[in-house]
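Bear in mind that the values in this text are calculations on the coordinates, not laboratory data. Since we're looking at a predicted model, the values are computed, not measured. In this analysis, Cβ positions are derived from the backbone assuming ideal geometry, glycine residues included, and neighbour counts consider all displayed protein chains.
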Amino acid sequence: MARMKVLGLTGGMGMGKSTVAALLRKAGLPVFDADAEVRRLQSTPGPVLDSIQAMVPGVVRDGALDRHALRRAVMAHPELLSRLEALIHPYVRRARARFLAFWRARGAPWVVLDIPLLFETGMQRVCDHVLVVSAPRWVQARRVAARRGMTQAEARALMARQTPDALRVRGADTVLRTGRSMEETRRQVRRFIRMLRA
């Protein structure tokens, strides 16, 4: 049986990574969505929510995380972000290991790890190919502002806290540009999938 290969998918907020992940999933590639796993952990009563409440009192109300309150707290105290990541990442790693074991046992030729912090966590080292989704900065700012209901200045301040796009692009095996039309993005994804399967 051929060895299962791992595609690392990453990109900054507003770059279109989730759209590309959905297209890859629709084409039949199993996708592990790290952000979705974080949201699941943050919405499930248990040790993660309890620890977040202890770390940032008042952001968990009636057993549910107030994401807006948590975002405000992180923007006011940026050091909170690394503490929250240190809390959540071990749980995400275990879920990712279960995903890889599940699809390896089923003989999947390729699986996708959709991880925003792929390079920051060193996960590119376990990938056979790294796909970075990129768009012009003005497109990114417009998308982030629209999605989060903020001004473009606020969006740019948020973006400035992320790894620069140029560094991600430098570490990519393939760069997929999403600044144009949706149909152009679909074309690039179809071309990329044909390359993977060749």
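Tabulated results
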| read-out | value |
| --- | --- |
| Under 5 Å, built H, 5+ apart or other chain: amide partners of HIS129 | VAL6, GLY8 |
| Cα-projected label distance for THR163 with ARG98, points at 7 Å along beta-carbon direction, nm | 2.6 |
| Ranked ASP173, ASP35, ASP165, criterion: other C-beta atoms within 10 Å, fewest first | ASP173, ASP35, ASP165 |
| R0 of 35 Å, Cβ-Cβ distance THR44-ALA153: FRET efficiency to nearest 0.05 | 0.50 |
| Value at 222 nm in deg cm²/dmol, rounded to 500, when DSSP H runs of n ≥ 4 in the chain each add -39,500 (n - 2.57) | -17000 deg cm²/dmol |
| Loop-exposed trypsin sites (Lys or Arg not before Pro) per DSSP, neighbour cap 12 Cβ within 10 angstrom, longest uninterrupted part of the chain | 4-105 |
| Viscosity 0.890 mPa s, 25 °C: Kirkwood-radius Stokes-Einstein D of the stretch 35-107 over Cα pairs, µm²/s | 185 |
| Centroid-to-centroid separation of the stretch 157-191 and the stretch 82-121 [C-alpha atoms, Å] | 21 |
| Added length on full extension, which subtracts the Cα-Cα distance from 0.36 nm per residue, ARG170 to LEU117 | 17.6 nm |
